[in-house]
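For reference, the structure is listed below as structure tokens.
The values are calculated or read from the model by the stated rules, or taken from the named source; none is laboratory data. On a predicted model such as this, the values are computed, not experimentally measured, just so you know. Cβ placement follows ideal geometry from the backbone for every residue including glycine, while neighbour counts extend to all protein chains displayed. For accessibility, only protein heavy atoms count, side chains too; no ligands or nucleic acids. Shrake-Rupley method; radii C 1.70, N 1.55, O 1.52, S 1.80 Å.
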Amino acid sequence: MYVDRGRELSIMVFLGGLGMVLAVFAPEFYNAKNASDILVNISYITIAAIGMTAVILTAQIDISIGAILAACSTVAGLSAKAGVPIPLVFLYAIATGAAIGLVNGLLVAYARIPSIIVTLGTLTVIRGVIILLTGGTWIYDLPANFRAVGTGTTFGLPNPVWLMLLTLLIGAFVLSHTRWGRSLYAVGSNPAAARLAGINVERTYISVFVLAGALVGLATMAFATRFTTVQSNTGQGFEFLVITAVVVGGTNIFGGSGTVFGSFLGALLVGVTGTALTFLHVSAYWEQALQGLFILLAVALDAARRRGALEGSWVRRLLRRSA
Amino acid sequence: MSLKSRPRTLNIPWSELVLVLGLVIAVLYMNSLSPAFLSLSNFFEITRIVTEVGLMALGMTLVIITGGIDLSVGSVLGLSGITMGFLYTAGLNIWLAALLGVATGALCGWINGQLITRAGIPPLIVTLATLAIFRGLALGISQAHSFGNYPKAFLALGAGYLGPVPNQLFLLVLLALGVGVVLARSTFGRFVYAIGNNPTAARFSGVPVNRVLVWVYTLSGLLAGLAGVIFTARVSSARSDAGIGTELDAITAVVLGGASIAGGSGSVVGTLLGLLLVGVVRNGLTLAFIPAEQQAIIIGAILLVAVLLNQVIRLRLGRN
């Protein structure tokens with residue numbers, strides 16, 4: 001099992017640099033409220049990114065999660081309005097995500113269709129089904145006990161942050177310390193060798209898609225609950241955010257290496273750059289371009305590091321010192 | 001599988017036959033749904049609507065054959081439209097502005113190609129990042145305003161007809177012929193297939209892999225830039241959110257056309273058939289008053305069934 005800690009260091013160095021710029025030009029960035037806002041904003045991205053990490057570790061990809069988020073939010077919103085007890089609401093959402101993930105997984109594992117195409121197809125179908133079922137209308141007036149889950153705090157920390165930290169801890173443990181978690185790295189590195197080693201490769205593929213779907217369902221607890229409505233087009237572009245967090249966080253897009261903690265750092269980078277630009281008084285219209293540029297810089301820096309292009313340079317020395 | 005270096009003899013006829021069959025079934029079915037469907041003018045209307053995605057799909061065909069992907073084309077469409085609108089509003093001649101819009105697209109593609117080959121970052125990640133950057137630039141340059149008031153002569157590019165034929169269809173057919181011939185008959189085209197089959201072997205056989213890849217991505221950007229100009233002429237306004245999500249439409253057309261997402265196979269004819277199938281289904285269902293969301297379900301299902309069929313055929317051929 002190969003874990004690339006260097007990427008995590010690259011991101012920390014990058015975040016450190018950004019932090020220094022902020023300390024000089026926008027010291028008001030540093031306050032507890034802002035830090036907590038950033039963590040709340042990335043919580044649902046991180047939770048979904050844990051599932052996506054598992055998927056990408058096996059050298060697959062799931063671009064249907066934006067549509068799954070919409071499906072789970074719709075199910076959660078409708079059942080909460082119908083008076084279903086809150087724990088059951090989220091159980092429904094998680095089950096919805098897992099069921100869609102199962103379809104993705106079966107198509108990838110047994111029909112042998114590349115996952116990017118399977119999930120491109122299912123994303124189209126899911127969005128269609130949602131609009132067909134809801135008639136394209138938004139779900140308004142979500143009940144207070146539903147919204148309390150996402151807007152409330154426990155021991156001073158917002159609930160979504162607790163949920164994120166808990167999922168992160170469990171995810172990190174499962175990926176690095178269980179037989180199933182380690183089999184993901186094996187399948188992603190070399191599926192044929194993994195098969196010879198006695199791993200059921202098909203079942204592994206199915207399991208990661210089910211997990212990804214279920215975690216998107218869980219993410220609705222930190223997402224749909226924070227707003228007063230569920231919009232019919234909710235979650236558009238969510239897949240890009242989550243995949244960005246995972247690959248910026250060092251998970252190899254070709255499978256076999258990566259960590260859950262890296263994905264969290266990736267999500268943090270996305271969240272911090274967005275907020276930092278606001279504090280630096282950059283026009284909101286330029287935000288997306290700069291954010292994309294930062295992400296590209298972080299990835300390019302790491303690609304150069306891995307090729308040894310930075311050997312002997314100051315960046316390299318900095319990375320080594322912090323290691 | 002070892003015969004993959006001769007893609008014309010093995011992979012293409014089957015997937016294209018499946019598509020032609022699908023297209024015939026779709027046309028017959030749509031005709032039974034709506035009497036307005038089977039007419040020449042409606043056929044041309046379909047081609048008018050699908051031209052922009054078609055242009056992007058042409059570039060995407062090359063990209064996917066090399067085993068890569070270009071997720072940034074939708075954003076390039078938006079950025080080149082905005083560039084053109086911005087320059088025209090600033091007082092530049094409309095045709096010069098349009099040319100610079102297309103050039104912006106080519107530049108975007110060139111940047112993708114350089115990042116992929118020089119920085120060694122996988123295409124999926126590079127174009128995921130530039131998807132955000134190019135869209136962000138369009139948003140930043142326009143400050144979310146739209147640019148309009150174009151001269152009639154320019155609007156004819158997207159809304160004019162020559163007889164019954166929409167103007168942009170000539171452009172699409174011409175470019176499809178060009179790309180098709182280059183892909184199937186030129187050294188460059190062979191290089192594209194060779195890289196998709198095995199980049200390492202291609203490099204050792206003397207294929208200038210990096211140079212070919214930069215050209216392929218530049219072409220993809222250029223065609224998306226052209227699509228941006230045509231789109232602006234068709235809807236007579238340039239907006240920063242133009243073309244969001246169209247990258248997935250282009251990929252759908254290419255994959256429906258029988259290209260393998262792993263690289264090494266695919267053809268322009270297949271892509272055009274895939275494009276037409278999606279266009280026919282959408283148009284026919286619209287004429288039959290079937291709402292867009294049901295169309296989405298049907299198109300998603302068609303994509304999955306087509307790929308499944310291709311997969312079955314490929315496995316059968318592999319066994320024989």
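In region A:5-322, carbon and sulfur make up what percent of the accessible area (probe 1.4 Å)?
C and S atoms contribute 68 percent here.
Would you mind getting me the FRET efficiency between A:A111 and A:W180? Use the beta-carbon distance for r and R0 = 22 Å, nearest 0.05.
Between A:A111 and A:W180 the formula returns 0.45.
Give me the net charge for the shell around A:T134: Cβ to Cβ below 14 angstrom, other residues only, Lys and Arg +1, Asp and Glu -1.
It works out to a net charge of +1.
What residues have an amide H closer than 5 Å to that of A:S257, excluding those fewer than 5 places away on the same chain, when H is modeled at 1.01 Å from N in the peptide plane?
A:N252
To the nearest µm²/s, what D does Stokes-Einstein give for region B:80-191 at 25 °C and 0.890 mPa s, using the Kirkwood radius over alpha carbon pairs as Rh?
Value of D from the Cα-based Kirkwood radius: 148 µm²/s.
From the square roots a ≥ b ≥ c of the eigenvalues of the alpha-carbon gyration tensor of region A:207-247, which class results: rounded (a/c under 1.5), prolate (a/b over b/c), or oblate?
oblate
At 10 °C and 1.306 mPa s, grab the translational diffusion coefficient of chain A from Stokes-Einstein with a Kirkwood Rh over Cα pairs, rounded to a whole number in µm² per second.
After rounding, the answer is 78 µm²/s.
Write down the Kirkwood hydrodynamic radius of region B:154-268, to one decimal in angstroms, obtained as one divided by the mean of 1/r over all alpha carbon pairs.
The answer is 16.1 Å.
Which of rounded, prolate, oblate describes chain B, given a ≥ b ≥ c as roots of the alpha-carbon gyration tensor eigenvalues and a/c under 1.5 marking rounded, otherwise prolate only if a/b is larger than b/c?
oblate
Starting at the first residue of region B:132-141, write each ³J(HN,Hα) from the Karplus equation 6.51 cos²θ - 1.76 cosθ + 1.60 with θ = phi - 60°, in whole Hz, x for Gly and Pro.
Values per residue, Gly and Pro as x: 6, 5, 5, 5, x, 5, 4, 5, x, 5 Hz.
Distance between Cα centroids, region B:255-320 to region A:123-166: provide it in whole Å.
First find each Cα centre; the distance between them is then 34 Å.
Taking N as the number of residues in the protein assembly as shown, what is its Cα Rg relative to 2.2 N^0.38 Å?
Cα-based Rg divided by the globular estimate yields 0.95.
Please average, across the residues of B:285-294, the number of beta carbons from any other chain that are within 10 Å of each residue's own beta carbon, and give a whole number.
2
If each DSSP helix of 4+ residues adds -39,500 (n - 2.57) and the sum is divided by the residues in chain A, what number results at 222 nm, nearest 500 deg cm²/dmol?
-24500 deg cm²/dmol
Taking a label point 7 Å from the Cα of A:L166 along the Cα→Cβ vector, which residues of region A:217-248 have an amide N closer than 13 Å to it?
The answer is A:218-219, A:221-222, whose backbone nitrogens lie closer than 13 Å to the label point.
Through the Karplus equation 6.51 cos²θ - 1.76 cosθ + 1.60, θ set to phi - 60°, convert the phi angles of region A:215-227 into ³J(HN,Hα) values in whole Hz; use x for Gly and Pro.
Couplings: 5, 5, x, 5, 4, 4, 4, 9, 10, 4, 6, 8, 10 Hz.
Counting each DSSP H run of 4 or more residues in chain B as -39500 (n - 2.57), what helix-only mean residue ellipticity at 222 nm follows after dividing by all residues, to the nearest 500 deg cm²/dmol?
-25500 deg cm²/dmol
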